[in-house]
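The next block holds one structure in the form of structure tokens; read it before the comments.
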Amino acid sequence: MKLGSLKGGRDGRLVVVSDDLAWCADASHIAPTLQAALDDWHMAEPLLRNLATDLAHETIPMMRFHERNAASPLPRAYQWADGSAYVNHVALVRQARGAEMPDSFWHDPLMYQGGSDGFLAPRDPIPLADEAWGCDMEAEVVVVTGDVPQGVSADEARGFIRLVGLTNDVSLRNLIPDELAKGFGFLQSKPASAFSPVFVAPDALGDRWDGGKLHGALCVDLNGQPLGRADAGVDMTFDFGQLIAHAAKTRSLCAGTIIGSGTVSNRGADGGPGKPISAGGVGYSCLAEVRTVETILGGKPETPFLKKGDTVRIWMEDDKHHPIFGVIEQTVG
């Protein structure tokens, strides 16, 4: 089952989308929005699944699904918490600036709470007022939870995952150091993120989903050139069960909470920094990691951050090379 939201109002209009992302069916008679469906998931899920079956059999009214008309599946959410589950990425960044990596980073997840009052649609431009801010994409996997009780274990937490998707978690890299130096976390350096056109039920992902991780190459192109093909199931230090349990340690999480994986990052085959695709590696999911590897190997970064007019594409393919979640395609404006 694949779910999306067509643009309209602050929270969009819920639709069930065909597996090939070509068609959709209105689901507003079941729930007007995805958040409403998540709030009453035990009632809504079987009805949405039946609607998805009817759509697949072409027995109900349906319309073309155009990704340019899609909002984020959750145009706004009660909570957006982003982890850094690929500790390889953190280790590289700290190595490049000569900072020691605390051992706790391998055992206790990093996580911050991002702004969730409004997300960019998958084809919306990335607004950038000043190129000096150092705009970067971050290709990640996300999950959407049901109501999660406080103190849930990692094993229990996996059972509260309702949907899986992708995000471009936009970062303004040159604003981050001063914010972190205050010791109070991100705010200005983390503008609105964009999400994939559809979120997918875990069972529809087949063997790509193991209960806590999404396996497969996360594709990232910059201006039509391959930048990253890192496998989201490899080098993920903390799975989504662990990330959810971390977030729920001291509070419950409401239905519709989005949990991010952090930038997908793979080590090189030799255990060192990953290589560019042009050099036989799987590349990178953000420009910060490109610049980090350049600094480690050559003493300084060479690749610039995003400029106005640059276009980013993020997607993941099935075995037939069709996008599973649709495509995030954004031009910096």
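Please treat every number below as a calculation from the coordinates, not as lab data. Being a predicted model, the structure only gives us computed values, none of them experimental. Cβ sites come from the backbone with ideal geometry, for glycine too, and all protein chains shown count toward neighbours.
Compute the long axis of helix 287-298 from its Cα atoms, compare it with the longest principal axis of the Cα atoms of the chain, and write down the angle in degrees, 0 to 90, nearest 10.
That helix lies at roughly 20 degrees to the long axis.
For D235, what residues show an amide H to amide H distance below 5 Å, using hydrogens built from the backbone and excluding near sequence neighbours?
For D235, no residues qualify.
Within the set K2/K307; K190/K307; K213/K275; K182/K275; K2/K275; K190/K300, which residue pairs have Cα atoms separated by over 27 Å? Please report the intermediate quantities before stating the final value.
On the way: K2/K307 33 Å; K190/K307 17 Å; K213/K275 23 Å; K182/K275 34 Å; K2/K275 34 Å; K190/K300 25 Å.
Violating the 27 Å limit, Cα to Cα: K2/K307; K182/K275; K2/K275.
Quick one: divide the alpha-carbon radius of gyration of the chain by 2.2 N^0.38 Å and tell me what you get.
On the way: Rg = 19.1 Å, N = 333, 2.2 N^0.38 = 20.0 Å.
Expressed relative to 2.2 N^0.38 Å, the Cα Rg reads 0.96.
Give me a comma-separated list of calculated 3J(HN,Hα) values for the range 191-208, in order, Karplus coefficients 6.51, -1.76, 1.60 applied at θ = phi - 60°, integers in Hz, x for any Gly or Pro.
With coefficients 6.51, -1.76 and 1.60, one gets x, 5, 8, 10, 10, 4, x, 9, 9, 10, 5, x, 5, 7, 8, x, 6, 6 Hz.
What 222 nm value per residue comes from the helices of the chain, counting each DSSP H run with n ≥ 4 as -39,500 (n - 2.57) and dividing by all residues, nearest 500 deg cm²/dmol?
Numbers: 7 runs with 63 residues, N = 333.
Only helices count here, giving -5500 deg cm²/dmol.
Rounded to the nearest 20 debye, what is the charge dipole size of the chain about its Cα centre when +1 sits on each Lys and Arg Cβ and -1 on each Asp and Glu Cβ? Let's see the in-between values first.
Numbers: 29 positive and 43 negative charges, 125 e Å.
For this selection, approximately 600 debye.
Is the shape of the range 53-117 best called rounded, prolate or oblate, per the rule: a/c under 1.5 gives rounded, else a/b larger than b/c gives prolate, else oblate, with a ≥ b ≥ c the square roots of the Cα gyration tensor eigenvalues? Mind dumping the intermediate values first?
Details: a/c = 3.32, a/b = 2.90, b/c = 1.15.
It is prolate, given that a/c is not under 1.5 and a/b is the larger ratio.
In the Gaussian network model of the chain, springs joining C-alpha atoms below 10 Å, which of L74, L243, L297 carries the largest mean-square fluctuation?
L297
Enumerate the calculated ³J(HN,Hα) couplings along the range 319-333 in order (Karplus 6.51 cos²θ - 1.76 cosθ + 1.60, θ = phi - 60°), each rounded to whole Hz, writing x wherever the residue is Gly or Pro.
After applying 6.51 cos²θ - 1.76 cosθ + 1.60, I find 5, 9, 6, 9, x, 7, 10, x, 10, 7, 9, 10, 10, 6, x Hz.
In whole Hz, with x marking every Gly and Pro, tabulate ³J(HN,Hα) for the range 121-130 from phi via Karplus 6.51 cos²θ - 1.76 cosθ + 1.60, θ = phi - 60°.
Values, residue by residue: 5, x, 10, 5, x, 8, x, 9, 7, 8 Hz.
Cα gyration tensor of the range 265-315, axes a ≥ b ≥ c as square roots of the eigenvalues: rounded (a/c below 1.5), prolate (a/b > b/c) or oblate? Could you put the intermediate results ahead of the total?
Working: a/c = 2.48, a/b = 1.34, b/c = 1.85.
Cα axes put the range 265-315 in the oblate bin.
If one takes the longest principal axis of the Cα atoms in the chain, at what angle in degrees, from 0 to 90 and to the nearest 10, does the Cα axis of helix 87-96 lie?
Taking Cα atoms only, the helix is inclined about 30 degrees.
Among DSSP bridges having both ends in the chain, what percentage is antiparallel? Round to the nearest 5.
90
Using DSSP to call loops (not H, G, I, E or B), can you name the trypsin sites (Lys or Arg not before Pro) in the range 67-151 whose Cβ has at most 13 other Cβ atoms within 10 angstrom? If you can, show how the numbers build up before the last one.
Numbers: sites: R68, R76, R94, R97, R123; in loops: R76, R97, R123.
Taking the range 67-151 and a limit of 13 other Cβ atoms within 10 Å, the loop trypsin sites (Lys or Arg not before Pro) found are R97.
Using a Gaussian network model on the chain with a 10 Å cutoff between Cα atoms, which of H42, H89, H321 fluctuates the most?
H321
Stick to Cα atoms and the Kirkwood definition of Rh, then tell me Rg/Rh for the range 206-259.
Values: Rg = 14.6 Å, Rh = 13.2 Å.
That ratio is 1.10, to two decimals.
Once you have the Cα-Cα distance between H215 and H66, take 0.36 nm times their residue separation minus that, and quote the gain in nm to one decimal. Walk me through the numbers before you get to the answer.
Values: separation 149, 0.36 × 149 = 53.64 nm, distance 2.62 nm.
Answer, rounded to one decimal: 51.0 nm.
Amide H of L218 versus every other amide H placed in the peptide plane: which residues, excluding those fewer than 5 positions away on the same chain, fall under 5 Å?
When sequence neighbours closer than 5 places are left aside, the close amide H contacts are A230, D231, A232.
Work the Kirkwood hydrodynamic radius out for the range 3-105: mean of 1/r over every pair of different alpha-carbon atoms, inverted, in Å.
Working: mean 1/r = 0.0623 Å⁻¹.
Across the range 3-105, the inverse of the average 1/r is 16.1 Å.
What are the extents of the Cα atoms of the range 226-333 along their three principal axes, in Å, largest first?
Its Cα atoms span 45, 32, 30 Å along the three principal axes.
So which residue, out of R64, R229, R313, gets the largest mean-square fluctuation from a GNM of the chain using Cα contacts under 10 Å as springs?
Comparing R64, R229, R313 in a Gaussian network model of the chain, the most mobile one is R64.
Report, in whole Å, the centroid distance computed from the Cα atoms of the range 91-151 and the range 68-86.
Between the Cα centres of the range 91-151 and the range 68-86 lies a distance of 11 Å.
To the nearest 10 degrees, how steep is helix 41-56 against the longest Cα principal axis of the chain, on a 0 to 90 scale?
Helix 41-56 and the main axis of the chain meet at about 80 degrees.
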